[in-house]
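Read the structure below first, then the notes.
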Amino acid sequence: MRLPEIERGDTRRHRMLIAMISRVSGLRLPDAARVAFYDNSFAGPVLGAWTQRAMRGPSGWSVSERELMAASVATWNRCPFCIGAHSAVAVRGMRKDVVAAALADYRSAPISEKLKGALAFIEIVTRAPEDVTADDARDALRAGMTLDELQDAAAVAALFAIVTRYANALDFDIPSLADFDKAAGMLLRRGYA
Amino acid sequence: MQSIAPSGRGAVDRTLREGILARVVGGQAVAEPYDALVIRIADDSSGVTDAEVQEVLAAAGSEKSAFEIVLTAAIGSGLRRWDAAIRAIREAGDASS
């Protein structure tokens, strides 16, 4: 973490919350959660609410599918923290080997054609937004998703375009696999808001 | 999604925040050392260095300001992708309706 005040907490209340949650959960509270507490008159609460809506709100996609989308964006953006955090949640609802295969090459992975179509669309959005066209969207729709589901996938891609960038820029501490797994449990119980 | 654009209160001057949002979609450079970090975050965030963040921290004068600069560059990059995706989806949706 390149900004120590985020790690510590910027108010007495936040420092106490960070210490308490770390103690009760038995893991160092991840940097993503410390950022969520920090400078919360700025964009944090709104970003948290949008993340909650995109990742846990009503959708034709399951929670695991959306977490796989987030981990995929993290792979394309080379964000080791987000790859770890979101694949750890995805495997709570999908087989580990399936998640690993999808992150390595979603086109050949044993996932639905609909999910492959969504990943193909959000890969273009992630890597080359200037190149994304209506034909790319039509290809995704032909894979079997609704317009709402395509829009939901785009929301995950846009949000993780943001999160992966600040996670990398701030150099988030990378938890152990065991701590990523504990944090995944917290994310499933508490969500993102 | 547009509501997450940091246009409200912040430690960083609104003009700089708006400049950063414009910069990540191809607008004019903002002042250095902010511009170098903003472009790095937009184009290759995994390549951001300690030195780049420390220079921005020194110039901005506080960790909150440095944080807001980082977050604004990241948010602008996300909004750029949201806008591109939604334009494509709407055009595909209009043609099929």
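The values are calculated or read from the model by the stated rules, or taken from the named source; none is laboratory data. Only a predicted model underlies this, so the values are computations on that prediction, with no experimental measurement involved. Here Cβ is always computed from backbone atoms with ideal geometry, including for glycine, and neighbour counts include all displayed protein chains. What goes into the accessible areas is simple: the full protein's heavy atoms, side chains included, and nothing from ligands, DNA or RNA. Shrake-Rupley method; radii C 1.70, N 1.55, O 1.52, S 1.80 Å.
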Seminar exercise, completed: Rounded to whole Å², per residue accessible area for chain B with a 1.4 Å probe reads 45
Exercise. If eta is 1.306 mPa s and T is 10 °C, what Stokes-Einstein diffusion coefficient results for the protein assembly as shown, Kirkwood Rh from Cα pairs, in µm²/s?
Worked result: 83
Problem set entry | Mean ellipticity per residue at 222 nm, deg cm²/dmol - from DSSP H runs of n ≥ 4 across chain A, formula -39500 (n - 2.57) | -22000 deg cm²/dmol
Problem set entry | Per residue convex hull volume, Cα atoms of the range A:1-127, in Å³ | 129
Exercise. Rolling a 1.4 angstrom probe over the protein heavy atoms, how many square angstrom per residue are accessible across chain A?
Worked result: 43
Exercise. For helix B:34-44, what angle does its Cα long axis make with the longest principal axis of chain B, in degrees from 0 to 90 and rounded to 10?
Worked result: 50
Problem set entry | Two-site label geometry, B:ALA22 and B:ASP43: point separation in nm, points 7 Å out along Cα→Cβ | 2.0
Seminar exercise, completed: Eigenvalues of the alpha-carbon gyration tensor of the range A:119-179, times 5 and square-rooted, give semi-axes in Å, largest first, of 28, 14, 9
Seminar exercise, completed: Of all C-alpha pairs within the range A:83-193, those more than 16 angstrom apart amount in percent to 66
Problem set entry | Additional length obtainable on full extension of the chain from B:ASP83 to B:ALA51, 0.36 nm per residue less Cα span | 8.3 nm
Exercise. Carbon and sulfur: what percent of the range A:140-193's accessible surface (1.4 Å probe)?
Worked result: 50
Problem set entry | Order of exposure, largest accessible area first, which applies to A:PHE37, B:PHE67 with probe 1.4 Å | A:PHE37, B:PHE67
For this session: Work out, step by step, the length gained on full extension between A:ASP139 and A:LEU177: first 0.36 nm times the residue separation, then minus their alpha carbon distance; give nm to one decimal.
Result: 10.1 nm
Problem set entry | Extension reserve of the A:SER112-A:ALA100 stretch, reckoned as 0.36 nm per residue once the Cα distance is removed | 2.8 nm
For this session: May I ask you to derive the relative contact order of chain B, considering only C-alpha pairs under 8 Å and at least 6 residues apart, and to give it as an integer percent?
Result: 35
Problem set entry | 19 Å Cα-Cα reach of A:LYS96 towards lysines, excluding residues that sit fewer than 8 places from it in its own chain | A:LYS116, A:LYS182
Exercise. Under a 1.4 angstrom probe, counting protein chains only, how are A:ARG28, A:ARG127 ranked by accessible area, largest first?
Worked result: A:ARG127, A:ARG28
For this session: Just read off the accessible area of B:GLU32 with the full protein assembly in place, 1.4 Å probe, to the nearest 10 Å².
Result: 120
Seminar exercise, completed: With Cα springs under 10 Å, the Gaussian network model of chain A assigns the largest mean-square fluctuation among A:THR133, A:THR51, A:THR75 to A:THR133
Exercise. How many square angstrom of accessible surface are buried between B and A, both sides summed, with a 1.4 Å probe and rounding to 100?
Worked result: 3700
